[in-house]
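Peer 1: First the structure, then my questions, so here it is.
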Amino acid sequence: MQELIKYKRYLILVAVLVLMKFVWVPLWETKQDNWQQQQQAQSNLNKTRALLALKDEMLVRKTTMSVRLEQAESGFAQTASITSYKLTAQSKLESLFKRHNIELSNSSWRDGLKTNDIQTLLLDIRFTGSLKQYLSLLQELQQNGDFANVSLDSNQLSIRGQTSDKLGSVNGQVSLKLAVKLLSSEES
């Protein structure tokens, strides 16, 4: 026992260190973890409150976007049969090319993306003619209401005979993208 009294100071220090290691440090870590969880919960609560404050604005924007989407889709052609639509659209586009004295050599259809009831179609057309007439055709394509759902997807042109006095002739291939709203049998 005498020997222990001699090391009493050191034993008290060891006891304090053991107490710190096995009691105080775990309590401190638990306190830190709880504090971090409380901070995270408060941050989540603040974000939720901010989102709830934006609820009315988000509802207005959702309504506005729905109206804009309906307006955009109202310009699309509507059909119950893609095949009959392709035939009609191709006939209209070929007559447009003929009206502008542009000779068609080949045309073919490709199906594009289908999202819900909107189908995109691609019409690849090879042609030859005057560049001036082709530019006139593009202008009419953009301005004519009958072709509101048609856009130019790609345009590959080979221009020859261009001088300062004339635009020359063109050989080209264009891909026209057409958006079509598919009608179900109940709507048609």
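Peer 1: Please determine whether any residue of segment 134-150 is assigned to a strand (DSSP E or B) and either touching an Asp or Glu at 6+ places or on another chain (Cβ under 8 Å) or open to solvent by 70 Å² or more (accessible area, probe 1.4 Å) (or both). Please lay out each step first, then the result.
Peer 2: As a first pass, look at segment 134-150 and keep what is assigned to a strand (DSSP E or B): 150.
Remaining after also requiring either touching an Asp or Glu at 6+ places or on another chain (Cβ under 8 Å) or open to solvent by 70 Å² or more (accessible area, probe 1.4 Å) (or both): none.
Taking every residue of segment 134-150 in turn, none turns out to be assigned to a strand (DSSP E or B) and either touching an Asp or Glu at 6+ places or on another chain (Cβ under 8 Å) or open to solvent by 70 Å² or more (accessible area, probe 1.4 Å) (or both).
Peer 1: How many residues, within segment 84-120, are aliphatic (A, V, I, L, M) and open to solvent by less than 50 Å² (accessible area, probe 1.4 Å)?
Peer 2: Result for segment 84-120: 5.
Peer 1: Checking L4 against (1) at pLDDT below 85; (2) out of contact with any strand residue (DSSP E or B) (no Cβ under 7 Å at 6 or more places or on another chain); (3) open to solvent by 100 Å² or more (accessible area, probe 1.4 Å), only one condition comes out false. Which one?
Peer 2: (3)
Peer 1: Can you name the condition, by its number, that S91 falls short on among (1) in contact with a Leu (Cβ under 6 Å, 6 or more places away or on another chain); (2) small (G, A, S); (3) free of Cβ contacts under 8 Å to residues at least 12 places away in the same chain?
Peer 2: (1)
Peer 1: Something else about it: Does V180 satisfy the criteria of being at pLDDT 90 or above and touching a Phe, Trp or Tyr at 6+ places or on another chain (Cβ under 9 Å)? Don't jump to the end; show me each part of the working.
Peer 2: On the way: at pLDDT 90 or above: no; touching a Phe, Trp or Tyr at 6+ places or on another chain (Cβ under 9 Å): yes.
Taking the combined requirement at face value, the residue does not satisfy it.
Peer 1: Something else now. Return the pairs, sorted by first residue and then second, in which the second residue is part of a loop (DSSP other than H, G, I, E, B), the first residue lies in segment 157-168 and is open to solvent by 80 Å² or more (accessible area, probe 1.4 Å), the beta carbons are less than 7 Å apart, and the residues are 6+ apart or on different chains.
Peer 2: R160/G168; Q162/G168
Peer 1: Right, another one. Looking at (1) open to solvent by less than 40 Å² (accessible area, probe 1.4 Å); (2) farther than 18 Å from A72 by Cα, find the lone condition where Q173 falls short.
Peer 2: Failing condition for Q173: (1).
The values are calculated or read from the model by the stated rules, or taken from the named source; none is laboratory data. Quantities reported herein were computed from a predicted structural model and do not represent experimental measurements. Glycine gets a Cβ as well: all are built from the backbone with ideal geometry, and neighbour counts include every protein chain shown. To get the accessible areas, we keep the full protein, side chains included, count just its heavy atoms, and leave off ligands, DNA and RNA. Shrake-Rupley method; radii C 1.70, N 1.55, O 1.52, S 1.80 Å.
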